[in-house]
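Report on the structure given below.
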Amino acid sequence: MSKLLCLLNGSKKKSAVILELIELCQSTWQRDFTILESTVEKELILIAKEHASKVDIVIAIGGDGTLNEIINGLIASGVEKLPTVAIIPNGTGNDFYQSAGFNSFNINRFMTAISQNKTISCDVGRIQADEEIRYFMNVADIGFGGAVVLSLNQFRKQFGPGFSYGLAILKTFFSYERPKVQISSDSFEYRGELLLAAGCNGAIFGNGLHIHPGATIHDGKLNMTILGKVSLFDYLRNVLKVKRGKRIKHPEAHYFESNHLRLKTDGTILHAETDGEYLSGSCFEISILPKRINILPY
């Protein structure tokens, strides 16, 4: 019998469907099912790291940030054969869930998939910001998106997640100044101003924006989207296209594949984010770990 570990962000409310799922898992697997909730920020990293070699399946209940913590903990464990990750969407955007092409959550489908031991080998992105290393399942974004996340973290405690997201975008829109950067990869060179640079394992971020249409989570490739000297007004004019999965047509919008990219500044600290988790630095390297972890399709 498989050993299952269910991990949740303890600060988030459990819906009726989530409570039903937990009860069903407990009755099905009994002693082989454990549920743990975080009590402080980033605690799920430590919990996942500690249990990486002890369980067969990790059920991640939450949004992109919760999944990001769990993945970072699992990979940091150093365990070669990691447990399968089963993702239950319970966040604001659930962008990786959309990037993976999953349908809306269904308990019966989920339970059937576990019993049949279905898996997909999924790539994992790696980003190093100065001396800090972070892993991501979906998208790592340097520039505008990171600045939005920084503002979002400041507003969240006062206004809650929904209203804070719009407020953070609005604040960043009027205050963001494009930094000057140098970008190099095996197929692309760029020097100039930067709106954002995104390393994309998945196609969708920012609550439904197709940052790199066609990006696939299991093809062993890292897709790059670079928006250089693109004004925020240019970006806003294209938002509906981006929502529909269309590429931005602009001389400073670049889409390409590269499994390694280096971005540096003159020492200016840039904002960044990995699956909604804030990061900063003046020198970044982005790469891909092909087929590093199995996820449960259902």
So which residues in the stretch 254-274 are closer than 16 Å to G206 by Cβ and open to solvent by less than 20 Å² (accessible area, probe 1.4 Å), if there are any at all? A272, E273, T274
Can G146 be described as farther than 28 Å from K221 by Cα, part of a helix (DSSP H, G or I) and modelled with pLDDT under 95? no
For the stretch 1-13, which residues satisfy the criterion of being in contact (Cβ under 8 Å) with a residue 12 or more places away in the chain, assigned to a loop (DSSP other than H, G, I, E, B) and not small (G, A, S)? M1, K3, K12
If you take the residues of the stretch 275-291 that are open to solvent by 30 Å² or more (accessible area, probe 1.4 Å) and under 23 Å from D186 (Cα atoms), which of them is farthest from the chain's Cα centre (by Cα)? C283
Subset of the stretch 67-98 that is open to solvent by less than 30 Å² (accessible area, probe 1.4 Å) and charged (D, E, K, R) - its residue that is farthest from M111 (Cα to Cα): E69
Looking at (1) within 26 Å of P213 (Cβ to Cβ); (2) without any contact (Cβ under 8 Å) to a residue 60 or more places away in the chain; (3) open to solvent by less than 40 Å² (accessible area, probe 1.4 Å), which one does S104 not meet, given that it meets all the others? (3)
Restricting to the stretch 29-65, and then to whatever is hydroxyl-bearing (S, T, Y) and modelled with pLDDT of 95 or more, can you tell me which residue is nearest to F105 (Cα to Cα)? T34
Which of (1) more than 30 Å from T84 (Cβ to Cβ); (2) buried (at least 21 other Cβ atoms within 10 Å of the Cβ) does V239 not meet, given it meets every other one? (2)
Look through the stretch 3-17, keep the residues that are open to solvent by less than 50 Å² (accessible area, probe 1.4 Å) and in contact with a Phe, Trp or Tyr (Cβ under 9 Å, 6 or more places away or on another chain), and return whichever of them is nearest to T66 (Cα to Cα). C6
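Quick one: which strands (runs of 3 or more DSSP E) sit completely within the stretch 23-120 and have at least 2 residues that are hydroxyl-bearing (S, T, Y)? Let's see the steps before the verdict.
Values: elements: 33-38, 57-62, 84-89.
Answer list for the stretch 23-120: 33-38.
Show me the strands (runs of 3 or more DSSP E) found entirely inside the stretch 177-235 where at least 3 residues are surrounded by fewer than 17 Cβ atoms within 10 Å (Cβ to Cβ) and among the polar types (S, T, N, Q).
none
The values are calculated or read from the model by the stated rules, or taken from the named source; none is laboratory data. Everything quoted here is computed from the prediction, not taken from an experiment. Every residue, glycine among them, receives a Cβ derived from its backbone with ideal geometry; neighbour counts consider all protein chains shown. These area figures cover heavy atoms from the full protein model, side chains too; ligands, DNA and RNA do not enter into them. Shrake-Rupley method; radii C 1.70, N 1.55, O 1.52, S 1.80 Å.
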